[in-house]
1. For Leu43 and Thr127, what does the FRET efficiency come to when R0 = 41 Å and r is the distance between their Cβ atoms, rounded to the nearest 0.05?
2. So between Ile59 and Ile21, what do we pick up on full extension, going 0.36 nm a residue minus the alpha carbon distance?
3. Among all lysine pairs in the chain that are eight or more places apart or on different chains, how many have alpha carbons less than 17 angstrom apart?
4. Report the convex hull volume per residue for segment 2-160, counting only C-alpha atoms, in Å³.
5. Could you list the chymotrypsin sites (Phe, Trp or Tyr not before Pro) in segment 1-92 that lie in coil according to DSSP, counting only those with at most 11 other Cβ atoms within 10 Å of their Cβ?
6. With +1 on each Lys and Arg Cβ and -1 on each Asp and Glu Cβ, how big is the dipole of the chain about its Cα centre, in debye rounded to the nearest 20?
7. What Kirkwood radius, in Å to one decimal, follows from the Cα pairs of segment 19-103?
8. Nearest 10 degrees is fine. How inclined is helix 46-60 to the longest principal axis of the chain, computing both from alpha carbons?
Amino acid sequence: MKKNVKISIGILFALAISRFIPHPPNFTSLIALSFYVPALLGLKFLPFVLFSFIFTDIIIGFHNTIFFTWGSVLIIGMLSKYIYGSTFKRLCGACVSALMFFIITNFGVLVTGHHGYNISSLLTSYTLAIPFFYNTLISTIFYSLLIEGILKCRPLIKKY
């Protein structure tokens with residue numbers, strides 16, 4: 001139980017730090033943590049990822065597509081258990097997760113009617129989000145490589 005509390009606090013800290021320090025738009029650990037935490041630690045830790053995201057949203061502020069962002073975190077976490085495997089598979093899974101986040105959250109923008117309710121608004125919704133997707137993808141790769149590096153170093157740390 002004590003170990004689970006430490007892990008949960010670590011998840012909150014990792015997500016909060018990456019969201020609160022100055023960063024380019026959408027350059028956070030959110031997608032990487034949403035993918036890796038359930039994949040490596042089990043689905044029982046997915047609620048802690050979601051809680052951490054909700055907690056930071058309370059401080060940063062809510063928006064009208066919030067349920068799409070929170071929902072994408074849940075979907076990514078639940079699907080991560082099926083993509084777990086080699087380092088390459090996990091990195092690919094994290095990148096696919098970034099794409100899923102892009103598709104789901106921008107569908108939320110469309111559903112809320114921010115750009116209207118037609119084919120043109122569908123294209124506008126996704127086209128305007130492409131620069132943010134680059135940052136999401138780059139940050140997901142960055143944080144995924146960081147997590148993979150920690151995983152590779154863990155056996156070395158235990159020796160000392």
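FYI, it's all coordinate maths here, none of it is from the lab. Keep in mind that this is a model prediction, so the values were computed, not measured. For neighbour counting, all protein chains shown are included, and Cβ atoms are generated from backbone atoms with ideal geometry for every residue, glycine included.
1. 0.75
2. Contour length minus the Cα-Cα distance gives 12.4 nm.
3. Lysine pairs meeting both conditions in the chain amount to 7.
4. Value for segment 2-160: 116 Å³ per residue.
5. Phe62
6. Using only the charged Cβ atoms, the result is roughly 900 debye.
7. By the Kirkwood definition, the hydrodynamic radius is 13.1 Å.
8. Long axis of 46-60 versus the principal axis of the chain: about 60 degrees.
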